[in-house]
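The values are calculated or read from the model by the stated rules, or taken from the named source; none is laboratory data. Treat the numbers as computed from the prediction; the structure is a model and nothing was measured. Counting neighbours? That spans all protein chains shown, and the Cβs are built from the backbone with ideal geometry, glycine included.
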Amino acid sequence: MMLQDHFRPPLSIRRHWHAFHNAWATYIASDLNAKLPEGYFAEPNVQFGIEIDIAAFEESWQESKNIYNIWSPPPPDQTIAFLPTDETVEVNIFNTEAGPTLAGAIELVSPANKDRSTHRNAFVSKCETYLRQGIGLVIVDVVTERKTNLHNELLTRVAENNALLFNAELYATAYRPIQQNGQYKLDIWQEKLNVGSMLPTLPLWLHGEICLPVELDSIYERTCREQRIPMHTA
């Protein structure tokens, strides 16, 4: 079915985009769980507007220190501004052989991931960490209200001047860290997305050379149907 614009009228004033993303991540995990081999499972991780109550932490620390006579560290050498990722919409795939171990991840980009440099850096850093740990990754960006291409920022981070940037405002990309002939390489699949066009199927690579199809179009259609969003087909 055709991709709709969940971030601009008329759909944005009829439905909440974050509710749709939440459901989309859930159905992606459900679809993967039907395909994953024994010993693997997928689960969604959706967090919006995360707020760390530092004051509460400080009060709890002071109370514990007074009650239990806890050792107090010296003052920090410096304190700098720091902004954690405050929105996460992802599906994580775990291997259970030695306890839940992350084997793959799917990231659904949110507007907050793109709205300022600190948020973009946090998102790109998380994705870079996945790749450097050999974890297969898929990124899906259907956010129309902000133009930043996080895929290009990730490529610039991991490949510096050796990567060809992808000219797309909306996109779905897949990454496979692999070692061949003693050299580490990163296989990349890139699909340009357009409102009014069908969504592609991308490969999700897991540790152990397992590859699963992420059938974005059929899962998107299911999400629209379950959320009672009018569906437009080509």
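Listing for the model above:
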| quantity | calculated |
| --- | --- |
| In region 189-228, residue surrounded by the most Cβ atoms within 10 Å (Cβ to Cβ) [restricted to those that are of a type in the set (A, V, I, L, M), in contact with a Ser or Thr (Cβ under 8 Å, 6 or more places away or on another chain) and not in a strand (DSSP E or B)] | Leu216 |
| Which numbered condition Val138 fails, given (1) without any contact (Cβ under 8 Å) to a residue 40 or more places away in the chain; (2) buried (at least 16 other Cβ atoms within 10 Å of the Cβ); (3) of a type in the set (A, V, I, L, M, F, W, C); (4) within 23 Å of Tyr40 (Cα to Cα) | (1) |
| Selection within region 97-144 - over 14 Å from Tyr171 (Cα atoms), modelled with pLDDT of 90 or more and acidic (Asp, Glu) | Glu128 |
| Region 157-174 residues that are more than 20 Å from Thr144 (Cα to Cα), paired with ones that are in a loop (DSSP other than H, G, I, E, B) and modelled with pLDDT of 85 or more (beta carbon under 8 Å, 6 or more apart) | none |
| Number of positions in region 1-50 that are of a type in the set (S, T, N, Q), touching a residue at least 40 places away in the same chain (Cβ under 8 Å) and surrounded by fewer than 16 Cβ atoms within 10 Å (Cβ to Cβ) | 2 |
| Given (1) more than 13 Å from Ile139 (Cα to Cα); (2) in a helix (DSSP H, G or I); (3) polar (S, T, N, Q); (4) free of Cβ contacts under 8 Å to residues at least 60 places away in the same chain, index of the condition Asn152 fails | (1) |
| Test: residue in region 205-221 that is closer than 17 Å to Ser110 by Cβ and at pLDDT 90 or above | yes |
| Subset of region 108-118 (residues that are outside any loop (DSSP other than H, G, I, E, B) and within 15 Å of Asp141 (Cα to Cα)) | Leu108, Pro111, Ala112, Asn113, Lys114 |
| Test for Asp77: is it surrounded by 10 or more Cβ atoms within 10 Å (Cβ to Cβ) and either under 22 Å from Asn149 (Cα atoms) or modelled with pLDDT under 90 (or both) | no |
| Residues located in region 150-181, provided they are over 25 Å from Leu212 (Cα atoms) and either touching a strand residue (DSSP E or B) at 6+ places or on another chain (Cβ under 6 Å) or of a type outside the set (Gly, Ala, Ser) (or both) | Glu153, Thr156, Arg157, Glu160, Asn161, Asn162, Leu164, Leu165, Asn167, Glu169 |
| Residue in region 178-185 that is out of contact with any helix residue (DSSP H, G or I) (no Cβ under 9 Å at 6 or more places or on another chain) and within 24 Å of Phe20 (Cβ to Cβ) present | no |
| Thr233 vs. criteria polar (S, T, N, Q), outside any strand (DSSP E or B) and either more than 26 Å from Arg15 (Cα to Cα) or at pLDDT 90 or above (or both) | no |
| Boolean, Glu160 is over 26 Å from His6 (Cα atoms) and of a type in the set (Asp, Glu) | yes |
